[in-house]
Amino acid sequence: YVASGVTLVRNLWGSQEVLEFRRQIEAREIVGPRIVTAGPIVDGDPPVGPPMAVVVDPAGARAVMDEQKAAGYDFLKIYDGVSREVFDAVAAYSKEIDFPFAGHVPIDVPLDVATRSGMVSIEHLMEWDRATAVAGSPLEEALKTRVWTEQLRNMAVLSRQVATGALSTEQLFDADRRRTMALLAAETGIWNVPTVNLPRQALPSRRQVAVQRARPEMRFVAPATLDLWSDPTWDTRFVELSDEDREALQVFLFDEYLRRVKALHDAGAGLLIGSDSPNPFVLYGVAVHQELAFFVEAGLRPYDALVAATRAPAEFLNDESFGTIEEGKFADLVLLDANPLADIGATRAIAGVSLHGRWLPRAELDAMLEAIAAGYASSTDCAKRCSAV
């Protein structure tokens, strides 16, 4: 993160390990960004993953929120399977104990309800598909199932029809509904973290994997992680999707995400840069620069994209100690060799990073990265030698 110029991260799947990372960074024992973190994700039963906290009733929600706040986490993250009853309880108790909640919009909660609930942010533009589908359209029909993976498979069929010209996006997504939801987000003050990286590259086809693996920054990914990302069967929820399905979905969803980002910006709603690393080929730090470029591709000025990565996070966190360059604020700064207002790609031209009162020049940042790459290379070589023996 630091080598990519990222000086603060907001982590949405927390653990005691993350709290320990934060302690070590704050004690200057290791170099790392400032960390704002949720606790373990809260999901319904069954949960998507075993590290999640399962909550099935309001009493359980309140207990988990008390536990996570006491443990030192900054906010609660909710997930797809949380029931409407639990969601309402979380929203009410969040205000009572001053413990924010954010995350996915559960599949049982309409987007407008979530937007008005006091939830501080919505990640990945969850539930926008259902809320902005054209009434009576094939998309509305495809989203009637309450199982998210079935929704995705149904949308894969529609995306291939759009790709062949049998359907148009205007027949599926309602521009007026999109605008209405964006205006509601602005009215309520809820923040939006689109993570456009996800539809773009987190569900690669088999033929795209080779291209992704060839990216030079893949040297900084653990070989075991890279192999996992490269296996299209690693996530059994999507194993049935063909290469054609995956590639059509990428285009279909990516284009609509760009339209939503532009609608939110035009409405004056809060936007934040987020990456959702480490989904497949969504690299820590690097993905932030990709997300900035996607915001500009959506029609925002480079300045607006930069605001979503600097001043807006400070406003979102209600923290006046950073976010702008002013006397008395943290000098967590990135010095660039080119002007990002002229070309957003210039955010990658990092001359150095100022963090925690320490200046890290480009040579030192490169040394950090090379040390990571060398460590992974040596572990791979060892594995090969051991296999040969």
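Descriptive notes on the structure:
- Couplings for the stretch 299-306, taken from phi via the Karplus curve 6.51 cos²θ - 1.76 cosθ + 1.60 with θ = phi - 60°, read x, 7, 6, x, 4, 5, 5, 5 Hz in order; Gly and Pro are left as x.
- In the set (i) 1.66; (ii) 1.00; (iii) 1.13, the label that goes with Cα Rg over 2.2 N^0.38 Å computed for this structure is (ii).
- Surface exposure of the chain, expressed per residue as accessible area with a 1.4 Å probe, stands at 46 Å².
- Listed by chain and number, the lysines whose C-alpha is less than 26 Å from the C-alpha of Lys144, apart from same-chain residues fewer than 8 away, are Lys77.
- Take every Cα pair under 8 Å whose residues are at least 6 apart in sequence, average their separation, divide by the length of the chain, and the relative contact order is 13 percent.
- The stretch 199-255 - percent of accessible surface contributed by carbon and sulfur, probe 1.4 Å: 58
- Amide hydrogen proximity for Arg34: with H placed 1.01 Å from N in the peptide plane, the residues at 5 or more positions away or on another chain lying under 5 Å are Leu8, Val9.
- Highest-first packing order for the peptide set 140-147, 326-333, 200-207 is 200-207, 140-147, 326-333, based on the mean count of other beta carbon atoms within 10 Å.
- The stretch 246-269 and the stretch 13-59: distance between their alpha carbon centers, rounded to Å: 29
- Given +1 at the Cβ of Lys and Arg, -1 at the Cβ of Asp and Glu and no other charges, the dipole of the stretch 236-311 around its Cα centre is 460 debye to the nearest 20.
- Charge tally in the Cβ shell below 10 Å around Asp337, where Lys, Arg are +1 and Asp, Glu are -1, Asp337 excluded: +2
- Taking Cα centre as origin and charging only the Cβ of basic (Lys, Arg, +1) and acidic (Asp, Glu, -1) residues, the dipole magnitude of the stretch 34-102 rounds to 240 debye.
- Positive-end ranking of Tyr257, Ser242, Val64 along the dipole of the chain, with charges on Cβ about the Cα centre, is headed by Ser242.
- Cα-centre dipole for the chain with unit charges at Cβ (Lys and Arg positive, Asp and Glu negative), debye to 20: 680
- Residues Glu297 and Thr236, FRET efficiency given R0 of 45 Å [Cβ-Cβ distance, rounded to 0.05]: 0.90
- Relative packing of 208-218, 249-259, which averages over residues the other C-beta atoms within 10 Å, highest first: 249-259, 208-218
- Scanning the chain for long hydrophobic helices, with DSSP H runs required to stretch 18 angstrom or more by C-alpha along their axis and to average at least -0.5 on the Kyte-Doolittle scale, returns 58-71, 84-97, 148-164, 175-188, 362-388.
- Whole-Å distance, taken between Cα centres, linking the stretch 60-98 and the stretch 153-206: 28
- Mean residue ellipticity (222 nm) of the chain, computed from DSSP H runs ≥ 4 via -39,500 (n - 2.57), nearest 500: -14500 deg cm²/dmol
- Among 5-11, 23-29, 295-301, the peptide with the highest mean count of other Cβ atoms within 10 Å heads the list, and the full ranking is 5-11, 295-301, 23-29.
- Sequence-distant residues sharing a close amide H with Ile41 (under 5 Å, placed H): Gly14, Ala53
- Spatial separation of Cα centroids for the stretch 103-140 and the stretch 334-356, in angstrom: 35
- Exposure ranking of Asp276, Asp80 by accessible area [1.4 Å probe, largest first]: Asp276, Asp80
- In the stretch 2-63, Cα pairs under 8 Å separated by at least six residues give a relative contact order of 30 percent.
The values are calculated or read from the model by the stated rules, or taken from the named source; none is laboratory data. Worth saying up front: this structure is predicted, and the values here are computed from it rather than measured. Using ideal geometry, Cβ is built from the backbone for each residue, glycine included, and neighbour counts are taken over all protein chains shown. Accessible surface areas use protein heavy atoms only, side chains included; no ligands, DNA or RNA. Shrake-Rupley method; radii C 1.70, N 1.55, O 1.52, S 1.80 Å.
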